[in-house]
Amino acid sequence: MRALVLLHPPTVTADSRDDSLARLALPVAAMAAVIVLSNVLVQHTINDWLTWGAFSYPLVFLVSDLTNRALGPQVARRVAFIGFGIAVLVSLALAPWRIAVASGAAFLFAQLMDVAVFNRWRRASWWKAPLIGSLVASVVDTAVFFFIAFAGSDMNWLTLAAGDLAVKAAMAAVLLAPYRALLPHLQTWTAPSPGVAR
């Protein structure tokens, strides 16, 4: 029975969760930190096919998928919007404005896609929702980001986008391990905060 609960955690309804800002601090902070780090790393190429940002950015889908699994799609979208706002403000100070804008647009489209696809597959085997959601969202994210950030520049952005997408696809598979390892700990996200009625 325990294994069944771990593979299919109970769906949390709006009435049974506390989605206050204090409760969402950890996923929001994680989301913002990954975006800011990725905005810096995407400016540094490894070779003609790849930037360092391809390795860090897929972590946003892990954060989103865990939030979605624990608290549902509405809260996952809320975390994405709050994390996006924080990250864009910080990114504007750390990265060129075009990269910050491209990152913001790509992030919003990709996160909304990831939440929708994950929610569509959430009752399937534990690995299908995060894998399919991350793969679909990675295609959207890569296309939007590289077009806005680098179209018209002297950078070979189509080649970089292809390499970036290949790494994101590989990372979607690799990140299934931490996703699976964290599933048993999601009940702590759904427990009521002290002094908060459920």
Notebook entry, point to check: In whole Hz, what ³J(HN,Hα) sequence does region 62-68 give by Karplus (6.51, -1.76, 1.60; θ = phi - 60°), x for Gly and Pro?
Noted result: 5, 4, 5, 5, 5, 5, 4
Next item on the list: Please get the size of the charge dipole for region 21-186, origin at its Cα centre, with Cβ charges of +1 on Lys and Arg and -1 on Asp and Glu, quoted in debye to the nearest 20.
Entry: 760 debye
Margin query: How charged is the neighbourhood of TRP121? Take every other residue with its Cβ under 13 Å from the Cβ of TRP121, and add Lys/Arg as +1 and Asp/Glu as -1.
Written below: +3
Next item on the list: Give the residue from VAL139, THR67, ALA100 lying farthest towards the positive end of the charge dipole for region 67-141; charges sit on Cβ (+1 for Lys and Arg, -1 for Asp and Glu) and the dipole is referred to the Cα centre.
Entry: THR67
Next item on the list: Among the trypsin sites (Lys or Arg not before Pro) in region 104-171, which ones are in a DSSP loop with at most 10 other Cβ atoms within 10 Å of the Cβ? Mind listing them?
Entry: ARG123
Notebook entry, point to check: Given H placed on each backbone N at 1.01 Å, which residues far from ILE46 in sequence or on other chains put an amide H within less than 5 Å of it?
Noted result: THR51, TRP52
Next item on the list: Quote to one decimal, in nm, the extra length available between ALA181 and LEU92 on full extension: 0.36 nm per residue of separation minus the C-alpha distance between them.
Entry: 28.6 nm
Checklist line | Spin-label pair SER125/PHE81, simplified geometry with 7 Å Cα→Cβ offset, distance in nm | finding: 3.5 nm
Check: Taking other Cβ within 10 Å of each residue's Cβ, how do LEU158, LEU182, LEU175 sort, fewest first?
Finding: LEU158, LEU182, LEU175
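Quick note: the coordinates plus some simple rules give every number you see, no bench work behind them. Here the structure is a predicted model, which is why all the values come from computation and not from measurement. Backbone-built Cβ (ideal geometry, glycine too); neighbour counts: all protein chains shown.
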